[in-house]
Amino acid sequence: MDEKKETSPLKPNGEEKIEDVLKELDSLIGLTKVKQLVREIQAYVEIQKRRQKEQLFSEPLVLHMIFKGNPGTGKTTVARLLGKIFKQMEVLQKGHLVEVERADLVGEYIGHTAQKTREQVRRALGGILFIDEAYSLARGGEKDFGKEAIDTLVKAMEDYKDNLVVILAGYKDEMEWFLRTNPGLRSRFPIQIEFSDYTTEELMEIAKLMVEKRQYKLTPEALYKLERIIKESQKNLHYDKMGNARLVRNLIEKAIRRQALRLINQKQISREDLIYIKSEDIAEIDEI
């Protein structure tokens, strides 16, 4: 989830300190277990580096990860913050995030897939390669080029083990299936993080932050209607695909457009009119 309570200050050279990145992480709504795991990873990396300096046995840093969770639960945001953390800890040179999906990796003829996958790896060197809906690489069966993409990735993870972190992301059940069908992968991705769905209260807090960030306000009636719609949508069978922070963002963006449409033909528009989103501006779920 991209909405945060505060913007982290930068160092004079424009780079964030690790403490600032961790504050940015803490400012995200919800994600309690995820935050704890990220701090564990950060502490683990730091202690292993200190052990190396003291010439004590230290585990090799294998930081490839599996992110499991529904869309809109903060996976990409957390991956981006991890990139910043790893850069500050000198685990990665750049710490940038390259987001890809199946279409960016899988080609249309023999040899094309390896070429496309290597190109994305090259772009991600020094940072994190984030593969969304990674399970789709195994969906086509033995003759599908997705297997070639997986094999190319595994080789790249070995070749660039000191300068690349790969994160595979997707729905929990599909990612479990993906790991079962590719048993050799599980050991290559020792860190697995599960992203839970947001509660109604957390989604309302996210909505308020989104609105505040854009210098709007919700009337009490609009807040009430928004909460009702969120609660109703959470009972929807397809909530896993269209819910969480993604749903809230869609609702708020639609409300802002509807407010504009309501005001555009009004003869006199006050500052207050421009700020407040009313109940009638909040679209029902089937109108988004």
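Computed from the coordinates by the stated procedures, all read-outs in this text should not be read as laboratory data. On a predicted model such as this, the values are computed, not experimentally measured, just so you know. When we count neighbours, we look across all protein chains shown, and the Cβ atoms used for this are built from the backbone with ideal geometry, even at glycine.
The figures follow:
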| quantity | calculated |
| --- | --- |
| Cα-based helix-to-principal-axis angle, 75-88 vs the chain, degrees rounded to 10 | 50 degrees |
| Number of Lys pairs (Cα under 24 Å; 8 or more positions apart or on different chains) in segment 196-288 | 28 |
| Full-stretch length increase - Gln215, Lys172 - with 0.36 nm per residue and alpha-carbon distance subtracted | 11.9 nm |
| Normalised per residue, the volume of the convex hull around the Cα set of segment 106-227 (Å³) | 164 Å³ |
| Where labels lie 7 Å past Cα in the beta-carbon direction, separation of Asp286 and Asp159 in nm | 5.3 nm |
| Nitroxide proxy distance, nm - points 7 Å out along Cα→Cβ at Gln266 and Ser187 | 6.5 nm |
| Degrees, to the nearest 10: 200-213 long Cα axis against longest axis of the chain | 80 degrees |
| Per-selection Rg to Rh, segment 18-195 - Cα, Kirkwood hydrodynamic radius | 0.97 |
| Residues Asp132, Asp144, Asp286 arranged by fewest to most Cβ contacts within 10 Å | Asp286, Asp144, Asp132 |
